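Some notes on the structure that comes next.
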Amino acid sequence: MPVKHFKFIPLLAVTGIAAVCGVFLLRGGSARPEGIPAKTADDRLVYLFTQGWKAEEIAQAEVIVPDSEDANFAAYAALQDAQGLPVRKFAGQTATRYTYRLSPSEQFAELLCADGQVIGAMRYGGKHEVLPVS
């Protein structure tokens, strides 16, 4: 299976996105030195459940996390920094992006995982707008 380069939807390139649309904030919002476990499908589903969602995995892809100098990546990384997720530490490395359908809504979540942990997370509506958890 070829490795894809992680691409961001144009909406994420907008620096002010957090102020305009909100973000997939984790409870507490502080750094998580122990990480969020993501070694198994159950780990990832439990994490989404703790955020208040039932989820069904609908896709997964191996991706390369962009270099930290990439301008589009900077906006995405800033969102992850606000959630205490370590995506910047994995710049240039391979990760797995899992996409979930959230129920009972028409929303989706993406978890970016590497080294057995969640390194990035976002939730969006059918129109690719980034939304807050609550």
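Against the list (1) at pLDDT 90 or above; (2) touching a strand residue (DSSP E or B) at 6+ places or on another chain (Cβ under 7 Å); (3) within 18 Å of residue 108 (Cα to Cα); (4) β-branched (Val, Ile, Thr), the condition residue 65 fails is (3). Condition (residue is of a type in the set (D, E, K, R), touching a residue at least 60 places away in the same chain (Cβ under 8 Å) and touching a strand residue (DSSP E or B) at 6+ places or on another chain (Cβ under 7 Å)) applied to the range 83-97: is it met by at least one residue? Checked the range 83-97: at least one residue is of a type in the set (D, E, K, R), touching a residue at least 60 places away in the same chain (Cβ under 8 Å) and touching a strand residue (DSSP E or B) at 6+ places or on another chain (Cβ under 7 Å). Of the residues making up the range 37-68, those that are within 17 Å of residue 116 (Cβ to Cβ), in contact (Cβ under 8 Å) with a residue 40 or more places away in the chain and among the β-branched types (Val, Ile, Thr) are 63, 65.
The values are calculated or read from the model by the stated rules, or taken from the named source; none is laboratory data. Every value quoted in this text rests on a predicted model; they were computed, and no experiment measured them. Positions of Cβ are generated from backbone atoms using ideal geometry, with glycine treated the same way; all protein chains shown enter the neighbour counts.
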